[in-house]
Amino acid sequence: TTLASLVAWPLDARDNAARYLTLSRGASVLLRLLRQWPANLFDANKVAVGASATLARVEAGMSEASPVDAWPEFDMPIDANGVMDDGESLPESERTLKLESARLLREGLAELSLLGGKRAEALAHYLRLRRPGVFEFVERHGLHGLVLVGNIRALYACESAAAASASVASVDGMQPGHRPRADAKVTVSVSSTGPESPASALLASDAGATAVPPETVGVELVGTDAFRALQDSASRLIVPDTKGSRCLLAYLDHLVVLQPSSAGKLATAHVRLASALAPHRLLSLLRSSQSYPLEVALAE
């Protein structure tokens, strides 16, 4: 109960800025105590219920749409990704405090999930936090396949975070009491097609009934309509240069190396994406398999 009170909604705050400041301070203390106290000194489930309720109130004004819509930078032109608007017209100080309190609350929920042995739940929080160490976390705990459905964009957002902050190193992955390693990654040689991508390697390396279907990856990255158009050789599609399109190309580049039979099913989409976004690699791609339609490449 004492720990839960640290992240209770501050009813007596004089304004939202003070409320978010109180929350961020309380969540920061909670995180420190979770990492220092023995787990038998508190009821992790009760603390998690309180923290979840407060986080829901903090994020009430934020965009919490479906997984495909929850990462708007994937649908924006590459050159516009640095000027996104989150839709909130809050004073800068209040907005900063709100985002920080939400981040700390989610950090605390991830720690509580780990303490309760709920690794898939912890992974969901780490993905939302764009933690670079998710790849090592997934490998360590075997959280492959269908557990990633609905989180494909989040996985690639973590990859971007790792690339942008590779110097933010920490020790021992995501165990309670530690920050995740920023240099954790999954690698695979795709020199004949495209650059390495930890998220793509992770998704493309899975096989069998528990693997994320390639069609699911495509739909989550670019949306249902765009993916359907990419697959339809008769459609006259101008491939947009978005993060979602580039991530899908990277995934297909890995899939053709790791799961060639599965990659053949998305050959039309692969050729279209390569033609629009990496034309210098199109010839080697067409030569790699008879599954790749030359007529689509010529039409592009």
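Packing-based ranking of 155-163, 196-204, 41-49, 112-120 yields 196-204, 155-163, 112-120, 41-49, ordered from highest to lowest mean Cβ neighbour count within 10 Å. For the range 86-164, what does the alpha-carbon gyration tensor say about shape, rounded, prolate or oblate, given a ≥ b ≥ c as the root eigenvalues, a/c under 1.5 as rounded, and a/b over b/c as prolate? In terms of gyration-tensor shape, prolate.
Let me know the shape class of the range 112-151, please: from the alpha-carbon gyration tensor, a ≥ b ≥ c as square roots of the eigenvalues, rounded when a/c is under 1.5, otherwise prolate if a/b is greater than b/c, or oblate. Cα axes put the range 112-151 in the rounded bin. Restricting the trypsin sites (Lys or Arg not before Pro) of the range 188-282 to loop positions (DSSP other than H, G, I, E, B) with no more than 14 neighbouring Cβ atoms within 10 Å leaves R236.
List the trypsin sites (Lys or Arg not before Pro) in the range 1-42 that DSSP assigns to loop (not H, G, I, E or B) and whose Cβ has at most 10 other Cβ atoms within 10 Å. Which are they? Present the calculation step by step, with values, prior to reporting the outcome.
Details: sites: R14, R19, R25, R32, R35; in loops: R14.
Those that pass, being in a loop and sparsely packed, are R14.
Just so you know, the averaged projected area of the alpha carbon convex hull for the range 3-59 sits at 3.8 nm².
How do 3-9, 133-139 rank on mean C-beta neighbours within 10 Å, highest first?
Working: 3-9: 18.6, 133-139: 23.1.
Descending mean neighbour count gives 133-139, 3-9.
Coordinate-derived values only; no laboratory data. Computed from a predicted model, the values in this text were never measured in an experiment. Ideal geometry is used to build each Cβ from the backbone, glycine not excepted, and the neighbour counts take in all protein chains shown.
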